[in-house]
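Notes to accompany the following structure.
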Amino acid sequence: MNLRKIMIAALLLLLAVGSVTKVSSWMTDPDMFMNKHSIEQTDEKISSVMTLSGGAAATSATLSLLPGDMCTPLADQLAELAKYFLLILSALYLEKFLITLSGCITFSCLIPIACLLMCGAILFGKKNLYRTAAKIAIIGMIIFFIVPASVWLSDMVYQTQSSKVNEAIEEYNSLELEGDSDTGLLNEFTSITTQTIDKITDFLDNLLESLAVMIVTSCVIPLLVFVFLVWLVKTIFSANILVLDPSTVDAIAEKLQ
């Protein structure tokens, strides 16, 4: 075993240690530029979803207090929409956690493992370890970039339809449930006006459109990106990807000797 092999192996070990101790903490820092931008975009969606979810639940609860069954269908629909917004909120929080978790997985586990495999390939002449190390390193980088790419793609689609979400929020902020009664308050003698029913119906329509936008940008697009990731990893580990020609492997091994 010559000195050159030992030096290269030492550099790879140093790279592995640096990846775990330094690079990992830097890449998982929420204030790091790429993480900060993704978290800000996700927080903006979370704020919109919480506003719409709370608005749907509050409007449903208010309508359920009115006498009679005239507003019951509207109240039931709003209550159901509030449940869907809760699911979207959970998906957004999961995406937010994955923004920093992907960096931890890549630079605390996969990159160091790839470096160690390269060391084994160099020191013990295991040529098949070169290919395995390259695959693991590429998969690690895919995992690291896939979440920011998903956030970027979702945000690009969201910006084209954000006006619908903002319109629903403005509709809720200006929504006032007014009724016909002597006291002006909603009580057992109140009959809700037709104008108020129209306002609630418009709010419900905007809420449905906002829900569709949120489902596509917060659930469908990340799911499609995840499916693409699974397919890509499966393709990388297939027999025809990253398979080095035997002569190329021999040339690399000779240079390291």
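The values are calculated or read from the model by the stated rules, or taken from the named source; none is laboratory data. Since this is a predicted model, take the numbers as computed values, not measurements. Please note: Cβ atoms are built from the backbone with ideal geometry, for glycine as well, and neighbour counts cover all protein chains shown. Ligands, DNA and RNA are stripped out before the accessible areas are found, and what is left, the full protein with its side chains, is counted by its heavy atoms. Shrake-Rupley method; radii C 1.70, N 1.55, O 1.52, S 1.80 Å.
Checking Tyr172 against (1) in contact (Cβ under 8 Å) with a residue 60 or more places away in the chain; (2) over 23 Å from Phe33 (Cβ atoms); (3) under 18 Å from the mean Cα position of the chain (by Cα); (4) open to solvent by 30 Å² or more (accessible area, probe 1.4 Å), which single condition isn't satisfied?
So Tyr172 meets the others, but not (3).
Please enumerate the residues belonging to the stretch 19-64 that are open to solvent by 70 Å² or more (accessible area, probe 1.4 Å) and under 18 Å from Leu87 (Cα atoms).
Those that are open to solvent by 70 Å² or more (accessible area, probe 1.4 Å) and under 18 Å from Leu87 (Cα atoms): Glu44, Met50.
Quick check: anything in the stretch 58-80 more than 30 Å from Asp205 (Cα to Cα), in contact (Cβ under 8 Å) with a residue 12 or more places away in the chain and in contact with a helix residue (DSSP H, G or I) (Cβ under 7 Å, 6 or more places away or on another chain)?
Start the filter on the stretch 58-80 by keeping residues that are more than 30 Å from Asp205 (Cα to Cα), which leaves none.
Looking through the stretch 58-80, none of the residues is more than 30 Å from Asp205 (Cα to Cα), in contact (Cβ under 8 Å) with a residue 12 or more places away in the chain and in contact with a helix residue (DSSP H, G or I) (Cβ under 7 Å, 6 or more places away or on another chain).
Given (1) at pLDDT 85 or above; (2) under 25 Å from Ser53 (Cα atoms); (3) open to solvent by less than 30 Å² (accessible area, probe 1.4 Å); (4) not β-branched (Val, Ile, Thr), identify the lone condition not met by Gly179.
So Gly179 meets the others, but not (1).
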